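Structure first, commentary second.
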Amino acid sequence: MSAENAMTRFTSILVANRGEIACRVIRTARAQGYRTIAVYSDADARAPHAVMADEAVHIGPSPVSESYLVVENILAAARASGAQAIHPGYGFLSENADFARACEDAGLVFIGPRPDAIHLMGNKAEAKRRMIAAGVPCVPGYEGEDQSDATLLREARNIGLPLMVKAAAGGGGRGMRLVDNAQELANAIKLARAEASSAFGSDELILEKAIVRPRHVEVQVFGDSHGNVVHLGERDCSVQRRHQKVVEEAPCPVMTEALRAQMGAAAVAAARSIDYRGAGTVEFLLDEHGEFYFLEMNTRLQVEHPVTELITGRDLVALQLQVAQGDPLGFGQDEVTLTGHAIEVRLYTEDPGQDFLPTSGPIELWSEPGGAAIRVDSGICSGQVISPFYDPMVAKIIASGPTRDIARLRLIEALRETVLFGPRHNRDFLVACLQKDCFAAGQATTAFIAEEFADGELADTPPTFSDSAVAAVLELELQHRELCDSAVIVAPALRDWSSAGALVSRKQYIHGDTVHDLSVIPQGDAHYRVCDSDNTAVIELVSMADGTAHVAIDEVQHLARYHLPEAGRLHLSIDGRAAQYRDMIRLDGIQDQASGSGRIVAPMHGLLLEVLVATGDTVAPGQTLAVLEAMKMHYEIVADAAGEVAAVMALAGTQVAADDLLIEISVAE
């Protein structure tokens with residue numbers, strides 16, 4: 001064993017991350033016999049990653065700037081726990097060269113690339129210059145050191161529209177703006193600078209020609225400290241919203257052996273040019289003519305790594321640990337084979353009907369789908385609170401199969417079985433993506449969501465009469481069981497009956513403009529007739545236990561999952577259709593704020609960066625009133641009606657909570 005290899009040996013690993021990726025790393029590390037240490041903030045004291053590790057160390061308050069991003073807190077946790085190595089996961093400090101260097105200086109093995117490689121590829125401008133020198137095809141643009149507004153505006157005119165304004169540091173869609181209109185350029189530069197500075201601590205920008213309707217295709221590379229570099233095939237990550245990936249798959253549906261060889265060779269060349277070690281991803285844009293261009297290199301494990309694992313049969317985290325120990329990869333390019341197909345979706349707590357606005361709050365029930373061909377990487381549990389301080393991705397659902405279509409159909413069914421009661425989420429949107437003809441045909445590009453989803457299509461669809469009828473019967477049954485449990489003696493045959501005959505119960509559910517005012521009439525033997533002024537259905541409770549019910553609607557059986565967190569409020573998912581039902585007869589109804597009310601509230605917890613109006617200003621619908629920073633993104637808060645600003649209730653630079661009143665507009669008649 002060489003001296004270098006001896007120095008890198010370790011038996012304990014601290015995972016400097018949270019959520020599903022922390023759980024993912026801990027799972028493999030423990031399976032291989034390593035002692036694992038988690039870190040957690042105040043908000044994550046009972047989070048799954050903190051519970052499943054051998055040891056967990058508190059590192060500070062909930063905000064990432066006071067916990068997960070504080071290098072000294074992470075190193076102190078390593079010292080206190082006796083950790084010998086640190087795995088950064090992705091996000092947070094994973095691509096921070098100073099952190100990697102600090103780990104090495106502290107005598108800890110950083111499970112990732114060398115600090116100089118992270119530094120080089122972490123700056124999009126410098127990385128692009130290096131790739132051009134290495135002969136890797138790159139998108140035309142500007143990556144110069146002069147960052148003045150005048151220079152950026154001039155270079156943008158030279159490049160031409162449409163173009164991308166992008167943060168030179170970081171990734172994940174933050175600090176990125178697509179500009180189609182010259183009048184929007186100056187504001188796009190301003191917003192991208194502010195977002196980049198907040199997210200990455202650097203406001204350096206680059207400009208790139210926007211490739212129209214490309215595919216986003218990335219190649220997984222791996223290098224060791226013995227000079228070996230291989231690629232493990234490609235992933236198609238074209239389905240994105242706000243430049244962040246939503247659906248990923250491997251292999252790319254339009255890939256040919258010749259194109260894979262070319263892209264793989266370019267990716268390996270990119271890694272070799274910087275003496276790369278560990279897991280990395282070289283991202284490309286692939287246009288409709290089969291030409292590809294370097295986009296960036298992520299010097300870490302990717303969110304979407306499971307699809308590569310499923311088609312190659314290789315555990316990428318295990319390979320990271322192997323390479324970090326100083327061992328060679330142990331296989332060459334000719335030993336990499338791709339078998340079958342895998343598709344992954346990212347489950348976010350966000351509201352697709354509100355421009356994918358992140359949501360937070362308690363998880364009242366979380367239930368994962370099963371099946372041999374289904375994999376779930378999650379970091380949540382029932383009872384946990386989704387915090388506004390972190391990224392809203394809570395789980396990944398992955399399906400594999402011998403063909404793409406089998407994997408796609410399996411994933412649709414897995415999503416329908418997935419239950420997340422609590423914060424709004426994007427499960428139904430993910431199902432809709434997978435069902436689109438364009439996606440099924442393998443034709444999705446980065447324009448997929450904009451082109452395939454019409455205005456209003458992502459808004460919540462109110463429950464059908466039949467679903468509401470099932471909710472009414474389940475809620476009534478749960479109510480009766482609770483009453484029976486507290487009664488002294490009740491003959492089962494007398495339930496639902498009085499001296500005048502069968503008791504009729506009334507339930508009223510309101511979903512936007514849809515009102516289901518239901519009468520529930522017992523028919524005996526677990527059968528109920530449910531009706532409103534226009535519809536009638538016979539509901540049979542075939543079985544009901546532990547949050548799962550088999551119900552028959554007019555003699556057709558369905559599987560339902562339910563949860564009753566409090567009297568008068570029921571969560572129900574039936575055949576994959578989920579909704580919350582509030583019985584307005586039992587509860588004081590809280591009507592949704594009407595559109596155009598003039599009451600401008602915070603859509604979520606966050607930092608109010610700017611307030612752009614003052615009392616007395618005249619505003620128009622859609623006009624930007626304020627800018628909020630939440631979950632590492634910037635959101636423009638706009639007027640919902642024309643009128644005059646009557647009051648400004650919040651100050652720039654202050655934290656606001658969801659639904660806090662920010663601005664009142666006296667709406668014009």
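The values are calculated or read from the model by the stated rules, or taken from the named source; none is laboratory data. The structure presented is a predicted model; accordingly, all values stated were derived computationally and were not measured. When we count neighbours, we look across all protein chains shown, and the Cβ atoms used for this are built from the backbone with ideal geometry, even at glycine.
Yes/no per residue for (1) crowded, with 17+ Cβ neighbours inside 10 Å; (2) farther than 21 Å from Ala85 by Cα:
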| position | (1), (2) |
| --- | --- |
| Glu304 | yes, yes |
| Val307 | yes, yes |
| Val317 | yes, no |
| Gly330 | no, yes |
| Thr337 | no, yes |
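Those residues that are surrounded by fewer than 20 Cβ atoms within 10 Å (Cβ to Cβ) and small (Gly, Ala, Ser), I need them from the range 61-80; list them, please.
Ser62, Ser65, Ala76, Ala80
Condition first: touching a Lys or Arg at 6+ places or on another chain (Cβ under 9 Å) and assigned to a strand (DSSP E or B). Now tell me which residues in the range 619-661 satisfy that.
Met633, His634, Leu661
I'm trying to understand the selection: among the residues of the range 556-582, which are more than 26 Å from the chain's Cα centre (by Cα) and among the β-branched types (Val, Ile, Thr)?
Selection gives Val556 alone.
Looking at the range 427-443, can you tell me whether even one residue there is closer than 30 Å to Val504 by Cβ, free of Cβ contacts under 8 Å to residues at least 12 places away in the same chain and surrounded by fewer than 17 Cβ atoms within 10 Å (Cβ to Cβ)?
No - not one qualifying residue is present in the range 427-443.
Give me the pairs: first residue in the range 596-625 and at pLDDT below 90, second residue polar (S, T, N, Q) and in a strand (DSSP E or B), beta-carbon distance under 8 Å, and six or more apart or on different chains, which are they?
Gly598/Ser666; His605/Gln655; Gly606/Gln655; Leu607/Gln655; Leu608/Gln655
Quick test for you: out of Ala53, Ala100, pick the one residue that is outside the structural domain of Lys166 (by TED's automatic domain parsing), under 17 Å from Ile37 (Cα atoms) and either in contact with a helix residue (DSSP H, G or I) (Cβ under 8 Å, 6 or more places away or on another chain) or among the β-branched types (Val, Ile, Thr) (or both).
Ala53
From the set of residues in the range 388-402 that are crowded, with 24+ Cβ neighbours inside 10 Å and of a type in the set (Val, Ile, Thr), which is nearest to the chain's Cα centre (by Cα)?
Ile397
In the range 455-482, what residues are at pLDDT below 85 and either of a type in the set (D, E, K, R) or crowded, with 20+ Cβ neighbours inside 10 Å (or both)?
Selection gives Asp455, Asp460, Arg481, Glu482.
If Arg408 satisfies every condition in (1) surrounded by fewer than 19 Cβ atoms within 10 Å (Cβ to Cβ); (2) in contact (Cβ under 8 Å) with a residue 12 or more places away in the chain; (3) part of a helix (DSSP H, G or I); (4) out of contact with any Asp or Glu (no Cβ under 6 Å at 6 or more places or on another chain) but one, which is the exception?
(1)
Could you please find all residues in the range 320-376 being small (Gly, Ala, Ser) and on the phi > 0 side of the Ramachandran plot?
Scanning the range 320-376 gives Gly326, Gly330, Gly340, Gly361, Gly371.
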